[in-house]
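K.L.:
One structure is given below, represented as structure tokens, and several questions about it will come after.
The values are calculated or read from the model by the stated rules, or taken from the named source; none is laboratory data. None of these values were measured; they are calculated from a predicted model. Backbone-built Cβ (ideal geometry, glycine too); neighbour counts: all protein chains shown.
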Amino acid sequence: MLNSFEALIGLRYVRARRRNHFISFISLTSMIGVGLGVMALITVLSVMNGFEKELKERILGMASHATVSGDGNILNDWRPIANEVLSHPDVIGVAPYFHAEGMLVKNKRVNGTIIRGILPSEEPKVSKVIENMVLGNIEELKEGDFNIVLGKELAMKLGVILGDKVTLIAPQANITPAGILPRLKRFTLVGIFQVGMHEFDSALVLIHMNDAFRLFRKKGPTGLRLKTNNILKAPIISREVAAQLPGRYWVVDWTQRHANFFRALKTEKTVMFVILLLIVAVAAFNIISTLVMMVSDKQSDIAVLRTLGASPNSILKIFIIQGTIIGFVGVVFGVITGVWLATNIETIVPAIESMLGQKFLSADVYYISELPSDMHWNDVVTISIVAFVLCLLATIYPALRAAKTQPAEALRYE
């Protein structure tokens, strides 16, 4: 149990102006080191959370929370199924889609593409394609006009502008008296979108779903794209939807479709946490150095306390209190500065860029040119607890060394 005199002496050792100024300097640097480590952890993890959130929004802005497809990747009568899916309270949008692969040709330029057939009136219910349009409008995708919308990177590769004709080649062939000929159709470019993701901007093309049926000779869409009211619960919601549908259907949610990408982000975040935690560990070792030198400097004080009746446990607690206060002050300093920096980094970084006249994340190189931040309080709490525990552990060895001090040996030369 902690006595009042142990806490009083421990606090006094922290506040007192020491004879050995070097010990005071090491103690101060220990506090600052712990604070900087905690601040760096909170800020970096918040920025990584911001990037992850931004990437999720961009991917799911063009992809979908989940897809439902039938046997053979075709739904001949999709409207009753869509109505059944919409009956689920957590599904807020459903739209049919047709998926295929092909090649786009313009003069001598050829590029492989992912073809998505959509209904312009239904697509905004499940994606943010309208918000991502930089030129034209998806409403121009009218049945029978054979119009097409391309990603910005793909349009640049092909060297096309609005109104240009491009040839879309399907990976199937027509058997004619003249032989086997590729199936192709000329489309007119009526829109260009930019998501900020290479996966979509350089490969995805949008055409009217019925035009896709004619080109690929299909009678129904590949499946339905779903939008839920909570992307984190999309896997559970999509399986509940599949269970309530009559018949056999395949359900794939976004966590399965982009599993490797988001798993890599999570792994990178974990590794970064461990690396930056080493900064806090180094600062905690500085606490060991501070307390060891303090124990050597206070040998006579310890001996006097022992002769006055203080037990070894009391001496142990005095130095644990001192080290704990150093660590606590450092952690509090780090949390305050880290939370402030994480919540204001989106304004601080542009101010620094303006002052230096240099862009850190150039839009010509990086898809995300701004530094996003998404601070999670559970991360702040975890970092604070881990940092404080490291500081607490750092006090044990010096405190044990102080508790083993023999009064007669310490006072021999006094």
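K.L.:
Output the number of the condition that Leu104 fails; it satisfies all remaining conditions of (1) buried (at least 22 other Cβ atoms within 10 Å of the Cβ); (2) touching a Pro at 6+ places or on another chain (Cβ under 6 Å).
P.N.:
Tallying (1) buried (at least 22 other Cβ atoms within 10 Å of the Cβ); (2) touching a Pro at 6+ places or on another chain (Cβ under 6 Å), Leu104 fails exactly one: (2).
K.L.:
Here's a follow-up. In the range 116-128, which residues are assigned to a loop (DSSP other than H, G, I, E, B) and either on the phi > 0 side of the Ramachandran plot or β-branched (Val, Ile, Thr) (or both)?
P.N.:
Once the filter is applied, which keeps residues that are assigned to a loop (DSSP other than H, G, I, E, B) and either on the phi > 0 side of the Ramachandran plot or β-branched (Val, Ile, Thr) (or both), the range 116-128 yields only Val126.
K.L.:
Taking the range 387-404, which residues are under 13 Å from Ile321 (Cα atoms) and not in a helix (DSSP H, G or I)?
P.N.:
Listed by number, the list holds a single entry, Thr395.
K.L.:
So how many residues does the range 51-78 have that are under 13 Å from Gly223 (Cβ atoms) and part of a helix (DSSP H, G or I)?
P.N.:
Total satisfying the criteria: 1.
K.L.:
Among the residues of the range 362-382, write down those that are assigned to a loop (DSSP other than H, G, I, E, B), at pLDDT 65 or above and of a type in the set (Asp, Glu). I'd like the intermediate steps shown before the answer.
P.N.:
Within the range 362-382, the subset assigned to a loop (DSSP other than H, G, I, E, B) is 362-376.
Next cut, at pLDDT 65 or above only: 370-376.
Glu370, Asp374, listed by residue number.
K.L.:
Scan the range 93-103 and give yes if some residue there is part of a strand (DSSP E or B), farther than 30 Å from Pro246 by Cα and touching a residue at least 12 places away in the same chain (Cβ under 8 Å), otherwise no.
P.N.:
Yes, the range 93-103 contains at least one residue that is part of a strand (DSSP E or B), farther than 30 Å from Pro246 by Cα and touching a residue at least 12 places away in the same chain (Cβ under 8 Å).
K.L.:
Find the residue count for the range 121-133, including only residues that are touching a helix residue (DSSP H, G or I) at 6+ places or on another chain (Cβ under 8 Å) and either at pLDDT 90 or above or buried (at least 22 other Cβ atoms within 10 Å of the Cβ) (or both).
P.N.:
Of the residues in that region, 3 qualify.
K.L.:
Any idea which of Gly191, Gly223 is touching a Gly at 6+ places or on another chain (Cβ under 6 Å) and not basic (Lys, Arg)? If you could, list the steps in order and put the result at the bottom.
P.N.:
Values: Gly223 fails: touching a Gly at 6+ places or on another chain (Cβ under 6 Å).
Result: Gly191 is the single residue among Gly191, Gly223 that is touching a Gly at 6+ places or on another chain (Cβ under 6 Å) and not basic (Lys, Arg).
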